[in-house]
């Protein structure tokens, strides 16, 4: 809101005494140079590099040789790629389906003013502090059929071979991801809910709308952009659940949790096939970009403008 | 029209929960009633969060015999710190120091350069700055882990393989897009009149940046510093790929190798989990209000 108010006079001012203001503004460009340097060298160059490396053969130590389209043909013909792709999307979709309703409800809940809710919120956010490695190690111990939660709670159905059965391992991965990341998205929704003008609820109350109606007709529509922000972070983030799955299951049992990021790592740094691993990396980048663009489009217009309208 | 909207928002803010006026009170009861499923879910989720944490902490205080003999959720009959002693003897102090160096060495430069870039993007104009901003925004959509293979190659060619600096350089680059986004949102909120009065006082943009924009965006800077700090502190892929010597392990990597070596001694493994989280927990307890409020504001803008 303030940005619309402030751009107008700034533009006028620029016209009023354009020479000095213009110089000042041009000089400002230099301030971006350090950030641009790091970003170009360690993000943009590697991005181009990964595309180039996908057309080479390299074992990670020796010389790099040209390989033409070989890596692409071999990876695209490899059923392992489609397994990894399928798993990546499966985990992405289920993570979204599990995390979004929970985060949304908890966000609305913790946005309330009651003291005990603030106290609960402090505890909710504990998982934010843990590294994926720590979370994975903790859950491995927790799910031990004999000395873990199943025995502790006296719930025999929890005593499964969680890491040994493909569909159980997949379910476990989705659950642990939710455990780790719901707090972060709860925080985003909490912020979103707090920005909804209270006058909307007052008006709805006067109109006699019930609480459920208020939730669906005010809270949800008002949170549209928050939902898009959270979903974008969730979906693009799900491409990078590498560490958690690596420590928790290592991609197993078999290849049943070998998502793309893990597939890339294992091909590149375990099988020493950097070329094919780079092909997987390029596919990851493309998926990330396409998803982000799709979600942007879903939001309609650019984020800045639409958010202003939301207020 | 904008003034009407503005007063609406201000009214709404005035009646916000923390205000506690009559309007706020009525509203909070409304919200409370709205949330019977939310409330129930709230307590269930608390159990889901706390149970694993509780299990990890009490198990880390058990002896091996206690681990095998007692109910897993029972408080240890004879709590012991020997697991912690064992973890400390396994060089966790070194891992801690490495993590601290890498985190500070990444976050301070990342936030500094991002702040300068954000200031330029908000205050300046022109095609170049727009392009830079667009590039950073695009960086948000790219899963930067996918660049790990070329980064590995570059780090080898730069003769930085197996050094802490190798972890810092990509960490700085990865942190820049989101940091710039959040900081520029906050700098945009600084009233233009303040910038104008600085200009009329004869301050250069450089002085304005340090004397006006920096103090006014301090909360946002602290927030992004904490957020990036958590990411770097907990990072796993970069250290896994770019370092090798045990003496250069950071905490998550040390944790992983420790659980590989001591997989039979679960209490010791869980003690290492607790110990690696402890420093962050202390920071969280000190700065939680700042962190939570800052993250909320940063991401819901």
For chain B, calculated [θ]222 nm from helices alone, where every DSSP H run of n ≥ 4 adds -39500 (n - 2.57): -24500 deg cm²/dmol
Multiply the residue separation of residue B:88 and residue B:71 by 0.36 nm, subtract the distance between their alpha-carbon atoms, and state the gained length in nm to one decimal. 3.4 nm
Sort out for me the Cα centre separation of the stretch A:135-155 from the stretch B:89-119, rounded to whole Å. 34
So how far apart, in nm, are the two label points at residue A:297 and residue A:40 if each is 7 Å from Cα heading toward Cβ? 3.2
Pairing the Cα long axis of helix B:251-261 with the longest principal axis of chain B, what angle in degrees results, from 0 to 90 and rounded to the nearest 10? 20
Using only the alpha-carbon atoms, how far is helix B:93-123 inclined from the longest principal axis of chain B? Give it as 0 to 90 degrees, nearest 10. 10
I'd like the distance between the alpha-carbon centres of the stretch B:140-218 and the stretch A:243-276, rounded to an integer number of Å. 32
Which residue fluctuates the most in chain A, going by a Gaussian network model with Cα springs under 10 Å, if the choices are A:158, A:248, A:90? A:158
Pick from B:131, B:270, B:253: which is most flexible by mean-square fluctuation in a GNM of chain B where alpha carbon atoms under 10 Å apart are linked? B:131
Which one of A:216, A:181, A:139 has the biggest mean-square fluctuation once chain A is modelled by GNM with Cα springs under 10 Å? A:216
Identify the residues of the stretch B:40-79 with backbone N under 15 Å of a label point that sits 7 angstrom from the Cα of residue A:119 along the Cα-to-Cβ direction, or state none. B:43, B:46-47
Any chance you could run the full-extension gain for residue B:289 through residue B:263? It's 0.36 nm times the residue separation minus the Cα-Cα distance, nm to one decimal. 5.6 nm
Give me the angle, in degrees from 0 to 90, between the Cα long axis of helix B:266-299 and the longest principal axis of the Cα atoms of chain B, rounded to the nearest 10. 10
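Would you mind calculating the gained length between residue A:33 and residue A:203 on full extension (0.36 nm times residue separation, minus the Cα-Cα distance), in nm to one decimal?
Once the chain is fully extended between residue A:33 and residue A:203, it gains 56.2 nm.
How high is the relative contact order of chain B, in percent, counting Cα pairs under 8 Å that sit 6 or more residues apart?
Normalised by residue count, the contact order of chain B is 27 percent.
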Given a Förster distance of 41 angstrom, what is the FRET efficiency for residue A:158 paired with residue A:290, based on the Cβ-Cβ distance and rounded to 0.05? 0.60
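No value in this document is a laboratory result; all are computed from the given coordinates. Since this is a predicted model, take the numbers as computed values, not measurements. Cβ coordinates were reconstructed from backbone atoms using ideal geometry, including for glycine residues, and neighbour counts include every protein chain displayed.
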